[in-house]
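K.L.:
Sharing a structure below in C-alpha cells format, with a few things to ask.
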Amino acid sequence: MLTDTSNPLRQPIREAHFRKGNNALSRIMVNRQMPPADIAEFFTRLRRRNPEPRSELEYVNPYTLLVAVVLSAQATDSGVNRATKNLFAIASTPAAMLELGEERLRGHIKSIGLYRTKAKNIIALSEILLREHGGEVPHAREALEALPGVGRKTANVVLNVAFGEAAMAVDTHIFRLANRTGLAPGKTPRAVEDALVAVIPKRFMRSAHHWLILHGRYVCKARRPDCAQCVVRDLCRFEDKTA
C-alpha cells in the first residue's frame, strides 16, 4: 500500500488502484523514462485535443473550490457536484457556511463518504478564513496547508485552479499514468509530483494537471487502458498495450 500523506484524510493509495488485471504496480512502473522530446510531444498532443481543460468539480469562487476539493477526497467529482449544487446556492462564503452550521452542512453532504469529518473540517477552515484571512482563501501554500482537512494535494489544486499557479496535484489517476507511460516514474505521490514538475516544459505546466487527470480518468484507465483511443500511444512506454 502507498499512502498519500498529503491527503487531508490520509487516504491510502493502494496497489490495487494501479493494477492492470492481476499485474501489480511494479508491472506498470517503467524503468526507461520518457525522453524530453517525447514529453514535449506528449503534451502538445494533449493540448491539441483539449486546448482549455477545466476541473470537473463545479465551483463559483476560490472558497467553493476549496470546499469542493476537500469533499472530493475518497469521492467522485460527480458525486461532489450533486451534493454541492444546492449547498453552494446558499453557502458560497465562509460566513454563509458558518451561518448554515455543521448540522445542516452534514445534511447537504451526507451522500459523500466521510461526510461527518469533512463537515467538521469545512466549518473549522471557514472559521480560520474569517478570523485570519479576512474571509478570503489565501494564495500561499503554507497558509492553505494549515487549514483543517487541507493537505498538499488539495493545496496544489487550489493554487492551480483558483490562482493559475503551475502546481501539480497528484491523485491516483496521475500517479498511475506517470508510472505507466514512463512520463515521470516514482514510488510515492510526492516523488511523482517532483518528477513531473522537473520534466514538463514550463509552457504546459499551468494546464498539465488537468490534461493528465482527464487522460488518466477516461483513457489511461486503471484496469484496462483504452490504448486504441490514446493520442500518445506511440510515445507511451507501457508494454502491455490493449488493442
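K.L.:
Taking Ala119 as the residue in question, decide whether it is touching a helix residue (DSSP H, G or I) at 6+ places or on another chain (Cβ under 6 Å), of a type in the set (Gly, Ala, Ser) and crowded, with 19+ Cβ neighbours inside 10 Å.
P.N.:
Answer is yes for this residue.
K.L.:
Still on this model: Taking interchain pairs and intrachain pairs at least six residues apart, which have beta carbon atoms under 8 angstrom, with the first residue in the range 70-90 and touching a residue at least 24 places away in the same chain (Cβ under 8 Å) and the second in a helix (DSSP H, G or I) and of a type in the set (Lys, Arg)?
P.N.:
Going by the 8 Å Cβ cut-off, the qualifying pairs are Val70/Lys118; Leu71/Lys118; Ala73/Lys118.
K.L.:
From the list Leu105, Leu125, which residue is in the same structural domain as Asp77 (by TED's automatic domain parsing) and farther than 17 Å from Pro138 by Cα? Lay out the reasoning, then the answer.
P.N.:
On the way: Leu125 fails: farther than 17 Å from Pro138 by Cα.
Checking each option against the conditions leaves just Leu105.
K.L.:
Just checking, does the range 162-183 include any residue being under 25 Å from Ala96 (Cβ atoms) and either in contact (Cβ under 8 Å) with a residue 40 or more places away in the chain or in the same structural domain as Val67 (by TED's automatic domain parsing) (or both)?
P.N.:
Yes - at least one qualifying residue is present in the range 162-183.
K.L.:
Is it fair to say Leu130 is among the aliphatic types (A, V, I, L, M) and surrounded by 20 or more Cβ atoms within 10 Å (Cβ to Cβ)?
P.N.:
Values: among the aliphatic types (A, V, I, L, M): yes; surrounded by 20 or more Cβ atoms within 10 Å (Cβ to Cβ): no.
For Leu130, the condition - among the aliphatic types (A, V, I, L, M) and surrounded by 20 or more Cβ atoms within 10 Å (Cβ to Cβ) - is not met.
K.L.:
If we scan the range 179-193, do we find a residue that is within 15 Å of the chain's Cα centre (by Cα), at pLDDT 95 or above and acidic (Asp, Glu)?
P.N.:
Yes, the range 179-193 has at least one match.
K.L.:
Suppose we filter Val170, Val219 for residues that are more than 16 Å from Arg49 (Cα to Cα) and either buried (at least 17 other Cβ atoms within 10 Å of the Cβ) or aliphatic (A, V, I, L, M) (or both); which single one remains? Break it down stepwise before answering.
P.N.:
On the way: Val219 fails: more than 16 Å from Arg49 (Cα to Cα).
One residue alone meets the criteria, Val170.
K.L.:
For the range 108-125, which residues satisfy the criterion of being in a loop (DSSP other than H, G, I, E, B) and of a type in the set (S, T, N, Q)?
P.N.:
Within the range 108-125, the first condition is being in a loop (DSSP other than H, G, I, E, B), and the residues that meet it are 110-114.
Residue satisfying the conditions is Ser111 alone.
K.L.:
Taking the conditions exactly as written (farther than 25 Å from Asn86 by Cα and over 19 Å from the mean Cα position of the chain (by Cα)), does His133 satisfy them or not?
P.N.:
Details: farther than 25 Å from Asn86 by Cα: yes; over 19 Å from the mean Cα position of the chain (by Cα): yes.
When the stated conditions are applied, His133 passes them.
K.L.:
Further, regarding this structure: Could you pull out the residue among Val137, Val150, Val158 that is crowded, with 19+ Cβ neighbours inside 10 Å, closer than 13 Å to Leu66 by Cβ and touching a Phe, Trp or Tyr at 6+ places or on another chain (Cβ under 6 Å)?
P.N.:
Val137
The values are calculated or read from the model by the stated rules, or taken from the named source; none is laboratory data. The structure displayed is predicted, hence computed values, not measured ones. Quick reminder, even Gly has a Cβ in these numbers, built from the backbone with ideal geometry, and neighbours come from all protein chains shown.
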